[in-house]
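Q: Would you mind keeping the following structure in view while I ask a few things?
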4 protein chains.
Amino acid sequence: MQTRKTGVRAQQADRTRDNILKAAVKVFSKEGFTGGRIEQISTLAKSNDRMIYYYFGSKEKLFISVLEHIYASFNQAEAKLRIDLGDPEQALRELVAFIWDYYVRHPEFVTILATENLHQGQHARKSQNLKALSGEAVGVLRPIIEAGQAKGLFRDDIDITHAYLMIASLCYFYNSNRHTLSSFLAVDLADKQAKADWLVFISDLALRGLRR
Amino acid sequence: MQTRKTGVRAQQADRTRDNILKAAVKVFSKEGFTGGRIEQISTLAKSNDRMIYYYFGSKEKLFISVLEHIYASFNQAEAKLRIDLGDPEQALRELVAFIWDYYVRHPEFVTILATENLHQGQHARKSQNLKALSGEAVGVLRPIIEAGQAKGLFRDDIDITHAYLMIASLCYFYNSNRHTLSSFLAVDLADKQAKADWLVFISDLALRGLRR
Amino acid sequence: MQTRKTGVRAQQADRTRDNILKAAVKVFSKEGFTGGRIEQISTLAKSNDRMIYYYFGSKEKLFISVLEHIYASFNQAEAKLRIDLGDPEQALRELVAFIWDYYVRHPEFVTILATENLHQGQHARKSQNLKALSGEAVGVLRPIIEAGQAKGLFRDDIDITHAYLMIASLCYFYNSNRHTLSSFLAVDLADKQAKADWLVFISDLALRGLRR
Amino acid sequence: MQTRKTGVRAQQADRTRDNILKAAVKVFSKEGFTGGRIEQISTLAKSNDRMIYYYFGSKEKLFISVLEHIYASFNQAEAKLRIDLGDPEQALRELVAFIWDYYVRHPEFVTILATENLHQGQHARKSQNLKALSGEAVGVLRPIIEAGQAKGLFRDDIDITHAYLMIASLCYFYNSNRHTLSSFLAVDLADKQAKADWLVFISDLALRGLRR
DNA sequence: AATGAATGAGGGTTCATTCAT
DNA sequence: TATGAATGAACCCTCATTCAT
């Protein structure tokens, strides 16, 4: 008796599946769901079209796996956060910074989210795993707010959903819409300093939003 | 007020062009640029494929026209705003409410913006008209801030771009990402009351962000 | 005002459609529905794949058109029959000879019927036209039988359906199953004399089946 | 009676091979040779694709095995027939009834024959076993005819091949073409009484065909 | 101004089959 | 004996686009 994935062949298989998934993240991220080509993915994965169907069944199911993957990755990163609730204001700053950094460093997370929303969440709806992955959306934020409230720093009537949406909005939009924004604002949003400034601004803003 | 061209034939032509443009807005809005089908557009416009090429030259040029159209429409709506600068705080609330309402009532504006950003602004970049339409992004916001500053209500070190991004972020994200958010938050974002509550929240937040 | 299909372009279009249909008859006849390749058909028709979809919509609809075509052709041939009811026995011989000859000269009629039956009549069921073409199956046979009965030559208790099935069976099977029969019988069914002998045999048999 | 091989492993192997063969009969019968999928067969056999190649070598060789199998089964059933030649007319009725019943109860025999004929007997031609199985086609019929002739009941100039084809035609066509016939005749050929009536009719007809 | 006819490239997907253990 | 992994060819079909009136 042995675990599912020992043996040279099985390990190679895992690697193949993984290569396809990672290639799919890249391609869907750049081209969207409709624009992403199966052949492009299989080539990038150094595999062939057939294997995508072997492992994932269809383009749609592959995309669903991609969705699950990027959410799981985000959750994993979040789980590594060690936030000291002793200083709730600093804790909030750290959470905002984490989310902001994650979006900046993982543009594929932003674009795939955007793609999925353009498709009206139709793939997310079909995923069982995704539902399991959620529910934790406000898991890190809640204790911070509660700690701040306990210390009398934050307001007592804060709607946790509003707080979450506030942070997400401020981190997401800058990244998701930077291309059209560049046409409309006379600022280079890709500039390092501009990004740093924005992080300071939204951290302050978030605090102002929660403080008494 | 008069039609662009005179003569029955010319009017019919204008109408055909218009039908196509409006159909394109709908289709691209729902299906994205890659997913939007020429045939679907021409059918919806009660015309035929060939006419799209006759009037717009290519799918890409049609999409650019769509971009120009939705921006022009937004500008038109904004131009009708009559905001009293006598009460800068109230003025800001009204601007936030206007943008929020516009996004809510024009989901195609949001989705087409998202689509264009997924394509990294490649169409917007090709439009001359679009560049002319821009530059006015902060045109309404600036006098409000200046009025507030003059009255000592708003801080003096406000970065106008930050202020603009703040408002846009808070109005856009809720609408653009509502499908995936629904999976992750235990709230129905489509609910009327939820929307009204959010508007109150972001109006307050915007003020907190600008006040001394 | 002009009829639908005048004009050089329109005539060419008709020809294209016709070429495809005739190529489809040949290919489906030889390869069956599943085995028949779209590309093979379009190549044989000196057209291209796309036109098949332009004119017929799908492989299945093309096959349905083929079914309608071969039935219509059979009906047309049958309609040209001029059978003298004055001699009912001779009339029956002529009908049997007609059906036999038609099957011999139109092997595609036999194979496409066989194909459709292997598919359990699923295409025929979808055709409205086909239902209209039927109903006339026993149209030629009935007056012959009635004439024979009027003259006291044929039995009065003949079931017209049985009579029809009898003739069809005897004409069809020899043609449809000649390949496997060749393996089992020590006779060359393709031989001209063998065919002539069989026609004599089944004509006699049909008469024996109807006579008093 | 004993299994072909001894030893647990060997028996299991026989069972696997048998499962595949029976699954293949079902699938090819329903889908034809081209339409029958290797995977469908292996799934139905609760085995896997690779085993089909292990035991049969290729899809084509599997189909040949299926052909041999259904012919052998028919021969086996025929071999069990105990026909009393003392009453040649009754003997003929019994033979017709046997063939008719076999076709009715073994639709897969009919459809696989039809499939093989659509493929112009190309598989049958490749089978050595099949040639051995044949030659016996008229083996049961011949003594009946000879007995009838000896008693002066049947004509002396009967062509045994014609007699055989007559019976086969009348039994086969009703079953093979029932789907298209249903569209053309206002009769439900699947009806039990309709089948019984047809058997009476063709038994009588066969006798009329052979009698003096 | 308007439109049926035509096209070539490529889309996702499935096929029978072989490899490697 | 048995089976997961892998493959290349080809399948049906759709795409944006141009031709020819």
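Q: Scanning for something part of a helix (DSSP H, G or I), under 30 Å from residue B:175 (Cα atoms) and outside the structural domain of residue B:95 (by TED's automatic domain parsing), does the range B:4-12 turn up at least one residue?
A: There is no residue in the range B:4-12 that is part of a helix (DSSP H, G or I), under 30 Å from residue B:175 (Cα atoms) and outside the structural domain of residue B:95 (by TED's automatic domain parsing).
Q: Within the group A:67, A:62, which residue is free of Cβ contacts under 8 Å to residues at least 60 places away in the same chain and surrounded by 20 or more Cβ atoms within 10 Å (Cβ to Cβ)?
A: A:62
Q: So residue A:186 ticks every box in (1) surrounded by fewer than 19 Cβ atoms within 10 Å (Cβ to Cβ); (2) free of Cβ contacts under 8 Å to residues at least 40 places away in the same chain; (3) under 23 Å from the mean Cα position of the chain (by Cα) but one. Which box is left unticked?
A: So residue A:186 meets the others, but not (3).
Q: Quick check on the range B:36-47: of everything there that is closer than 24 Å to residue B:120 by Cα and near DNA strand F (Cβ under 8 Å from one of its atoms), which residue is farthest from the other protein chains (Cβ to nearest Cβ)?
A: Among them, the one singled out is B:38.
Q: Within 14 Å of another protein chain (Cβ to nearest Cβ), away from DNA strand F (no atom under 13 Å from the Cβ) and aliphatic (A, V, I, L, M): which single residue out of C:64, C:99 fits that description?
A: C:99
Q: How many residues does the range C:24-35 contain that are in contact with a helix residue (DSSP H, G or I) (Cβ under 7 Å, 6 or more places away or on another chain) and either free of Cβ contacts under 8 Å to residues at least 24 places away in the same chain or near DNA strand F (Cβ under 8 Å from one of its atoms) (or both)?
A: 3
Q: Taking residue B:40, is it more than 10 Å from DNA strand E (Cβ to nearest atom) and of a type in the set (S, T, N, Q)?
A: Criteria met by residue B:40.
Q: Then there's this: Filter the range A:101-129 for residues that are more than 17 Å from residue B:108 (Cα to Cα), buried (at least 21 other Cβ atoms within 10 Å of the Cβ) and of a type in the set (A, V, I, L, M) and give the result.
A: Of everything in the range A:101-129, those that are more than 17 Å from residue B:108 (Cα to Cα), buried (at least 21 other Cβ atoms within 10 Å of the Cβ) and of a type in the set (A, V, I, L, M) turn out to be A:110, A:112, A:113, A:124.
Q: Among the residues of the range B:121-149 satisfying the criterion of being under 17 Å from the mean Cα position of the chain (by Cα) and of a type in the set (S, T, N, Q), which is modelled with the lowest pLDDT?
A: This residue is B:134.
Q: Moving to a separate point now. Can you report the number of residues in the range C:155-189 which are closer than 21 Å to residue C:111 by Cβ, more than 9 Å from chain D (Cβ to nearest Cβ) and modelled with pLDDT of 95 or more?
A: Qualifying residue count, the range C:155-189: 2.
Q: Return only the number of the condition from (1) crowded, with 19+ Cβ neighbours inside 10 Å; (2) touching a residue at least 60 places away in the same chain (Cβ under 8 Å); (3) among the hydrophobic types (A, V, I, L, M, F, W, C) that residue C:137 does not satisfy.
A: (2)
Q: Which ranges mark the helices (runs of 4 or more DSSP H) fully within the range D:30-88 that have 3 or more residues being hydroxyl-bearing (Ser, Thr, Tyr)?
A: Of the helices (runs of 4 or more DSSP H) lying wholly inside the range D:30-88, those with at least 3 residues that are hydroxyl-bearing (Ser, Thr, Tyr) span D:49-56, D:59-79.
Q: Check off (1) modelled with pLDDT of 95 or more; (2) farther than 30 Å from residue D:65 by Cα; (3) within 7 Å of another protein chain (Cβ to nearest Cβ) for residue D:152 and give me the number that stays unchecked.
A: (3)
Q: Could I ask something else about it? So, residue A:25, is that one farther than 30 Å from residue A:153 by Cβ, away from chain B (no Cβ under 14 Å) and more than 9 Å from DNA strand E (Cβ to nearest atom) or not?
A: For residue A:25, the condition - farther than 30 Å from residue A:153 by Cβ, away from chain B (no Cβ under 14 Å) and more than 9 Å from DNA strand E (Cβ to nearest atom) - is met.
The values are calculated or read from the model by the stated rules, or taken from the named source; none is laboratory data. As the structure is a computational prediction, the values presented were derived from the model and not from experiment. Neighbour counts are summed over all protein chains in view; Cβ atoms, including those assigned to glycine, are modelled from backbone coordinates with ideal geometry.
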